[in-house]
1. Does B:S359 satisfy the condition of being more than 30 Å from B:K456 (Cβ to Cβ) and hydroxyl-bearing (S, T, Y)?
2. Provide a single number: the residues in segment B:583-616 that are open to solvent by 60 Å² or more (accessible area, probe 1.4 Å), of a type outside the set (D, E), closer than 30 Å to B:A493 by Cβ and modelled with pLDDT of 90 or more.
3. Quick one: B:K163 ticks every box in (1) loosely packed, with under 13 Cβ neighbours inside 10 Å; (2) modelled with pLDDT of 90 or more; (3) more than 29 Å from A:P182 (Cα to Cα) except a single one, so which number is it?
4. Can you list residue pairs whose Cβ atoms sit under 7 Å apart, with the first residue in segment B:169-188 being within 7 Å of chain A (Cβ to nearest Cβ) and the second being of a type in the set (D, E)? Count only pairs 6 or more apart in sequence or on different chains.
5. Which residue pairs have Cβ atoms under 9 Å apart, sit 6 or more places apart or on different chains, and have a first residue in segment B:204-226 that is at negative phi and a second that is in a helix (DSSP H, G or I) and hydroxyl-bearing (S, T, Y)?
6. So, in segment A:297-326, how many residues would count as being part of a helix (DSSP H, G or I), open to solvent by less than 30 Å² (accessible area, probe 1.4 Å), over 17 Å from A:R59 (Cα atoms) and touching a residue at least 60 places away in the same chain (Cβ under 8 Å)?
7. What pairs come out if I take residues in segment A:102-125 that are within 14 Å of chain B (Cβ to nearest Cβ) and pair them with residues that are in a strand (DSSP E or B) and among the basic types (K, R) whose C-beta lies under 9 Å away, six or more apart or interchain?
8. How many residues does segment B:33-48 hold that are touching a residue at least 12 places away in the same chain (Cβ under 8 Å) and surrounded by fewer than 19 Cβ atoms within 10 Å (Cβ to Cβ)?
There are 2 protein chains.
Amino acid sequence: MDAAQEAQRREAFRHLVLNALERRLFFIPSFKIYRGVAGLYDYGPPGCAVKANVLAFWRQHFVLEENMLEVDCPCVTPEVVLKASGHVDKFTDLMVKDEKTGACYRADHLLKDYCKEKLEKDPRLSEEKVAELKHVLAVLDDLSSEELGAKIKEYGITAPDTKNSLSDPYPFNLMFQTSIGPSGASTGYMRPETAQGIFVNFKDLYYYNGNKLPFAAAQIGQAFRNEISPRQGLLRVREFTLAEIEHFVDPDDKSHPKFAEVSKLEFLMFPREDQVSGRQARRIVIGEAVSQGIVNNETLGYFIGRVYLFLTLLGIDKDRLRFRQHLANEMAHYAADCWDAEIECSYGWIECVGIADRSAYDLHAHTDKSGVELVAHEKYAEPKEVEKLVITPIKKELGLAFKGNQKMVVEALLSMEEKEAMELKATLEEKLEAEFSVCTLDKVVTIKKNMVSISKEIKKEHQRTFTPSVIEPSFGIGRIIYCLYEHSFYTRASKDGDELLNVFRFPPLVAPIKCTVFPLVQNQQYEDVAKSIARSLTAVGISYKIDITGTSIGKRYARTDELGVPFAITVDSTTSVTVRERDSKQQIRVDVDKVASLMKEVTDGVSTWPDVLWKYPTHSS
Amino acid sequence: MDAAQEAQRREAFRHLVLNALERRLFFIPSFKIYRGVAGLYDYGPPGCAVKANVLAFWRQHFVLEENMLEVDCPCVTPEVVLKASGHVDKFTDLMVKDEKTGACYRADHLLKDYCKEKLEKDPRLSEEKVAELKHVLAVLDDLSSEELGAKIKEYGITAPDTKNSLSDPYPFNLMFQTSIGPSGASTGYMRPETAQGIFVNFKDLYYYNGNKLPFAAAQIGQAFRNEISPRQGLLRVREFTLAEIEHFVDPDDKSHPKFAEVSKLEFLMFPREDQVSGRQARRIVIGEAVSQGIVNNETLGYFIGRVYLFLTLLGIDKDRLRFRQHLANEMAHYAADCWDAEIECSYGWIECVGIADRSAYDLHAHTDKSGVELVAHEKYAEPKEVEKLVITPIKKELGLAFKGNQKMVVEALLSMEEKEAMELKATLEEKLEAEFSVCTLDKVVTIKKNMVSISKEIKKEHQRTFTPSVIEPSFGIGRIIYCLYEHSFYTRASKDGDELLNVFRFPPLVAPIKCTVFPLVQNQQYEDVAKSIARSLTAVGISYKIDITGTSIGKRYARTDELGVPFAITVDSTTSVTVRERDSKQQIRVDVDKVASLMKEVTDGVSTWPDVLWKYPTHSS
């Protein structure tokens, strides 16, 4: 199959899935009766149930298993917090405007579309031109505002809707802005991620954990991104649910006590080197990836392994899941290492979970901005003798020399790093005075030897104080769910072969409804049995759908297969019932009073269908 | 105890509870290191767990038990939706500004504070003045903007912080406003309630439910309210979690098939009549309240009963819970009946759940604004002959008479209700012409007999089309949780009597952590047993806290009692352990390999502590 055919096949498949999803209300375009809002979607009843199941499993798999500290912070966030985190200045996309109508476009999207279309549809392109356009596509994410603007001009790209000319690109901040309180004086934003709520609480959480490292905090909640022009349907939205973990760890010891539990796992990884040298993702044992230094440290490796387990247990196809390492130019300057869990779907490989070692960046940033020290301590078994830099400004001399500016000069002297201080000391000893730059005064002053004493002294220290590193697995829940839909979807012929029926092969863990209850024929006795089974299912907390219409059993199966319901209970006697499994269509006979506990067993994962299959008599209809 | 002492006692109690809650991180003032934002709070780890438990129980008790259709809609909402719902125009509080500094205050708060302070602290008030101030307090919520302004002027009330004079009151919209997309052209708001997301989806949900009534949709999610000046700590916040149910029902049949299941429940109710005549809330059987017409209909009564069960099962004290009916002036004009579940806490009686019969208002409003019919149908068994009003404007005559205004006149004629139309017909027949008001033209025109034909005709109808009524139970989750904290809190003397220890008596259902695991003394064997118990607890999904420090058992108990942990497992041998219940302090001995399943049993509610107490040998320490 060539690329164009493959693209067509993918699109046709996506169309089929989306059609089933929308018709069965897995999702609904938000505010549809008002013609909707781009990038906003509702979860309808089955979608909402899938989401609740995914989140419950996330809590079990991460929060409970690892004793994480879960918190729940508001979406409305004051500007100061997002200024410190860098979002106010840097959470932007480059935008161009139609110079006549003012319509807005993402600059990189327009350039990308232009290059792709040229490559696909213009057979007269020279070889050099082809190479050039391919190069532009490869480096698209790295282009500066000026470079993007120049390319748009060079290629004569115009506004897609009007063919009007376009403005130069300029950054548009992607946060939804609002105002907190009535005065209009206090700017706020809808948070672009949940992580900041955890960082600002580090001190309290560290204390709650008995002042011990490592520990992890977690948060599930809404995040917002005011996209310039949302594309890719359910994958690129303006409001979404994130589940984030911030694992705080000693930067000198990133080992993980439970690493052995995942170290033997083998799955598709795509290290930086392999990407650069044009190779494919390959299966690597995570323990080896860590020991060979492909993955920076054990804790990062542990989370990669746990994320692999989480996604595959949900039903993500392990052959269409890979962990791709960020290239050097993709990674924030402070990050030590970063891997994305990417899932392949009809849109290509989609980043669904980011697992980053963010070093001490975030805690540093909030310490600087707030003045509250976000640090950890390690008590030494015995006090240690350490050489410490001691800077003693001689205030009398400084006061005479600098008068009102004395305070700023003193602060600048005290804030010198060791290297700078020792150089100053050497200069003063040699030349008796030295030039010294005071940032807060924005000028260079002359410091004399009698104005400051600089020395190194041996001191006893009882503990080490340091800023922890943060390892952050961040889950885009909506994207995971969308990929899960695609990986779970298949079609099969109806019994009489004249129709293709849709099925979602959700594992019971994820399925929005765990079972259906159908009386085989409409009669009071069967209906009563069905209702009593329904009550016992509710009592054990199993969601079900009861259908007492006279529709044929085949049609009722088809309807619920399309909702991904794994088990169907057909009431065909007053003492026992038939239980049918969705994918195999195998059937067993179970006593009426045992069926609820059986459903509980197979949906809680205590037993699998093959486990129960040989315990009960099979049934052929 | 007089009122002042009682107020003092309440405040001291609240102080104690808040202190424990904040110290143990049940809540954290949001963005605390930046000195916080009024009205925003985080749930810290135990608070977050309590919230997750309350929401899980809500899903079980309402969504699952009633087969409700749960949806999940975005917080960002376009203006048109909230314009239709009335929030853009009417979701306001009256505000006054300090005329010099611009500081903002809620007008009613200032007047309330003034009256209260006068009444409490001014002993020289005349009897008439006392009566007047008390009257102002009683009617505070009904005062118009002008009346509030007049009172503020009359009493010479100034800005509390500066004593500057105040502006006239004016409405301030309480929604957080933002802009959707990059152009700035599309106004959006953070939703003030989750209900609108359900209403706009009525058509799809009705279809999903097989075009059958009644059915209920539900939603849990964040809602926002940009308070002018938040007070009352955790009760009056700017962002909060709502859990809302919209139960759609035929307005001609508001019976409920499961009403019998709650009809015998008896609890405190406070009907409108009793409030007006100065009586107290009294215990009423809900079945009788419905049959006597105190509660408008069975469905409303059913939900009142279910809410009672929900709250008391969570641990709300039934003697401090009442259902108060809205007075006529409190209720929206369209509402048929409305009851608040009010819980008494140190702030007084607090509205935590509103249960309203909103009639067809919301669906009508969105039908009008969107042009999409949000209606239901009832098929008749046999076609019915019905008399239908037929209005036929004679366009030729109307065109001659009204020219360019013809369209508006035609629309006004066609939109007449039956009564108005028949009156017009009678007038035209008698006087040959009639005055007729056309709102869209803002004037009265003269209609002649030859311009319109009005008649009643017999038609065959196959189905009835109607707009369903909505019965809406709406839960303020944060308020319920706060009241639960107060109702669960008590203190008791430590063993040696020199200290008062805090305890939260959360039922296992709600408790943030279900049990603790303590080795009695620090030794490897006990620690290993403790860790193996921990693993088995995780496997069955029970949250626990393990404490292997050498702290005394008494201290470890005290710490976890203050977190409301119901059970403590002390490892004091390698084969069996001691299990202690928090409130009774009773202890039993349980085999190591049975303790996890026992914990599961008592926390899932399969057994209670008294159930298990006699099954196991007791233990005295």
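1. The answer is no for B:S359.
2. Residues that pass the stated criteria total 4.
3. Here B:K163 meets the rest and fails (3).
4. Once the first residue is within 7 Å of chain A (Cβ to nearest Cβ) and sits in segment B:169-188, its partners that are of a type in the set (D, E) give B:F172/B:D93.
5. Filtered contacts from segment B:204-226: B:K212/B:Y206; B:L213/B:Y206; B:P214/B:T299; B:F215/B:Y206; B:F215/B:Y208.
6. 2
7. Sorted first by the residue in segment A:102-125, then by its partner, the pairs are A:A103/A:K97; A:C104/A:K97; A:Y105/A:K97.
8. Residues in segment B:33-48 being touching a residue at least 12 places away in the same chain (Cβ under 8 Å) and surrounded by fewer than 19 Cβ atoms within 10 Å (Cβ to Cβ): 1 in total.
The values are calculated or read from the model by the stated rules, or taken from the named source; none is laboratory data. Quantities reported herein were computed from a predicted structural model and do not represent experimental measurements. As a convention, Cβ positions derive from the backbone with ideal geometry for all residues, glycine included, and neighbour counts pool all protein chains shown. The area values use the complete protein model at the heavy-atom level, side chains included, leaving out ligands, DNA and RNA. Shrake-Rupley method; radii C 1.70, N 1.55, O 1.52, S 1.80 Å.
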